[in-house]
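Everything below concerns the one structure shown next.
No value in this document is a laboratory result; all are computed from the given coordinates. Source: prediction; values computed, not measured. FYI the Cβ positions are ideal-geometry reconstructions off the backbone, even for glycines, and counts take in every protein chain you see.
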Amino acid sequence: MIKGLALLSFCFISGMWCGAMLGSWLGIDANVGGVGFAMAFLLVSKEYVTSKMGWNEEFAFGLDFWNKLYIPIVIAMAASLNVKSALSSGLLALLAGTLPVFLAFVVVKILLKQVNSEK
């Protein structure tokens, strides 16, 4: 279980570092895609460990346990930070966030009507 936690922690720290570096390269004072980098690193490292070092049950249990518990919490925290920064950024950020949601609602409604009319 400790090995799975160590791998997850390494991937998370590496992802946050890459997100911070990408943000600084883009001239943004924020972490850009750190959680996404962390998930990609976790997938790649899991495949590497599986193919090269073997995959025992204890390692798999530790990684699966923390994957199911920790990553959703980190994603929820990142999403709440995005909402807080959007609310403090002004009207353009709010429109950029709400317009696509309402557009998706309209498109889904149209698609549902189309599917129901074909039956």
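Between LEU69 and ILE110, the FRET efficiency estimated from the beta carbon spacing at R0 = 35 angstrom works out to 0.35.
Modelled label positions at TRP25 and ALA40, each set 7 Å beyond Cα in the direction of Cβ, lie 1.0 nm from each other.
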